[in-house]
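A.B. asks: Have a look at this one before I ask anything.
The values are calculated or read from the model by the stated rules, or taken from the named source; none is laboratory data. Keep in mind that this is a model prediction, so the values were computed, not measured. Please note: Cβ atoms are built from the backbone with ideal geometry, for glycine as well, and neighbour counts cover all protein chains shown. Side chains included, ligands, DNA and RNA excluded: accessible areas come from the protein's heavy atoms. Shrake-Rupley method; radii C 1.70, N 1.55, O 1.52, S 1.80 Å.
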Amino acid sequence: MDRSKYCGCKGIRTCLQCEEKYGLKENQNLITNAIKSFPTYVYCIFCDKVFAGQNADEYLHHPNHRENGYQKVSGVYVFPEFITDDEEKQLIDDLDAMPWDISQSGRRKQNFGPNCNFKKRKLKPGAFKGFPSVTEFIQKRFNEVPLLKGYRTIEQCSLEYDPHRGASIDPHIDDCWIWGERIVTVNLLSDTVLILTKYKGDKSRYNLQLAPNIDTDPDDIAIRIPMPRKSLVILCGDARYNWEHCILREDIQKRRVCLAYREFTPDYLPGGKNAIESEMILKLAENFW
């Protein structure tokens, strides 16, 4: 059932609005129950280890954790206080002065990037003309993060999660045909939790057959990763390609806005085999209006 004109949801995805109108609740319950059936660990952003339990605030006890930690996943990086209180306030005011579009699962979005057809692997500039100048300082600050050396943003998406709409995002891996290894998020307004769960499905999904081969066998567990307000979060390597990530409705307690950033795969960067297709987009991505 396509409810995109009513609330933004399509297929099995739902929000509180369409669940109430059409009696649709099964998908959210199935996802939440499936994740909760796994042994759960929480990630400490300071020692890069996980600890058995549910409370994502475990990192606040660092270094005095109640037990020994384990290395269950690599490629997760959380940088707290990436922006200041004043910068956050101004950024939210500026974003809210621009139009928001409804999206799936109770979210709203502002998308700045090219048109991508993931099934047909077609790329077009579309209406893309660069990024809002009010967000330029974020991309400039990426240069201060060694892990983001050479990062060239080609998509920036503002995503709003509102508990009154039951906002969430289903388990997924960002497409591997066009988006590169480093998945970058700046988390604003409230703390939340990103959950990683193993992915052992068909590699044609998410175009995973095109991804680098990261030879690991993820455990049947769920890992709760804290995303503190004003933090920068990066997924790469193992965490990027071998685990689905999601945010459950119950972990959105207050309005949350995030800025999600994507880069091209090497094939679409200068010197890559598809560089001619992306040349104009990379040039447009240098603009701030």
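A.B. asks: Would you confirm whether or not region 195-204 contains a residue that is assigned to a strand (DSSP E or B) and of a type in the set (Lys, Arg)?
C.D. replies: Among the residues of region 195-204, at least one is assigned to a strand (DSSP E or B) and of a type in the set (Lys, Arg), which makes the answer yes.
A.B. asks: Anything in region 243-289 that is surrounded by 20 or more Cβ atoms within 10 Å (Cβ to Cβ), among the aromatic types (Phe, Trp, Tyr), farther than 18 Å from Tyr151 by Cα and touching a helix residue (DSSP H, G or I) at 6+ places or on another chain (Cβ under 9 Å)? List them, or say none.
C.D. replies: Hits for region 243-289: nothing passes.
A.B. asks: If you don't mind, another one. Just checking: which of the strands (runs of 3 or more DSSP E) contained wholly in region 213-257 hold 1 or more residues that are over 20 Å from Arg107 (Cβ atoms) and more than 13 Å from the chain's Cα centre (by Cα)?
C.D. replies: Filter on region 213-257 gives 222-227.
A.B. asks: With the structure loaded, tell me whether Gly106 is touching a strand residue (DSSP E or B) at 6+ places or on another chain (Cβ under 6 Å), at positive phi and open to solvent by less than 70 Å² (accessible area, probe 1.4 Å) or whether it fails that test. Walk me through how you get there before you give the answer.
C.D. replies: On the way: touching a strand residue (DSSP E or B) at 6+ places or on another chain (Cβ under 6 Å): no; at positive phi: yes; open to solvent by less than 70 Å² (accessible area, probe 1.4 Å): yes.
The answer is no for Gly106.
A.B. asks: Test of understanding: among Glu20, Glu67, which residue is over 22 Å from Leu232 (Cα atoms), among the acidic types (Asp, Glu), touching a residue at least 12 places away in the same chain (Cβ under 8 Å) and out of contact with any helix residue (DSSP H, G or I) (no Cβ under 7 Å at 6 or more places or on another chain)?
C.D. replies: Numbers: Glu20 fails: touching a residue at least 12 places away in the same chain (Cβ under 8 Å).
Unique residue meeting the criteria: Glu67.
A.B. asks: Among the numbered criteria (1) out of contact with any Cys (no Cβ under 6 Å at 6 or more places or on another chain); (2) assigned to a helix (DSSP H, G or I), which one does Tyr59 miss?
C.D. replies: Going through (1) out of contact with any Cys (no Cβ under 6 Å at 6 or more places or on another chain); (2) assigned to a helix (DSSP H, G or I) one by one, Tyr59 breaks only (1).
A.B. asks: Within region 212-229, track down each residue that is open to solvent by less than 20 Å² (accessible area, probe 1.4 Å) and either closer than 23 Å to Leu147 by Cα or without any contact (Cβ under 8 Å) to a residue 60 or more places away in the chain (or both).
C.D. replies: Once the filter is applied, which keeps residues that are open to solvent by less than 20 Å² (accessible area, probe 1.4 Å) and either closer than 23 Å to Leu147 by Cα or without any contact (Cβ under 8 Å) to a residue 60 or more places away in the chain (or both), region 212-229 yields Ile223, Ile225, Pro226, Met227, Pro228.
A.B. asks: Now, a different point. Can we say Lys36 is surrounded by 15 or more Cβ atoms within 10 Å (Cβ to Cβ), under 21 Å from the mean Cα position of the chain (by Cα), more than 25 Å from Val257 (Cβ to Cβ) and not aliphatic (A, V, I, L, M)?
C.D. replies: no
A.B. asks: When Phe51 is evaluated against the numbered criteria (1) free of Cβ contacts under 8 Å to residues at least 40 places away in the same chain; (2) of a type in the set (Phe, Trp, Tyr); (3) assigned to a loop (DSSP other than H, G, I, E, B), which criterion, by number, is the only one it fails?
C.D. replies: (3)
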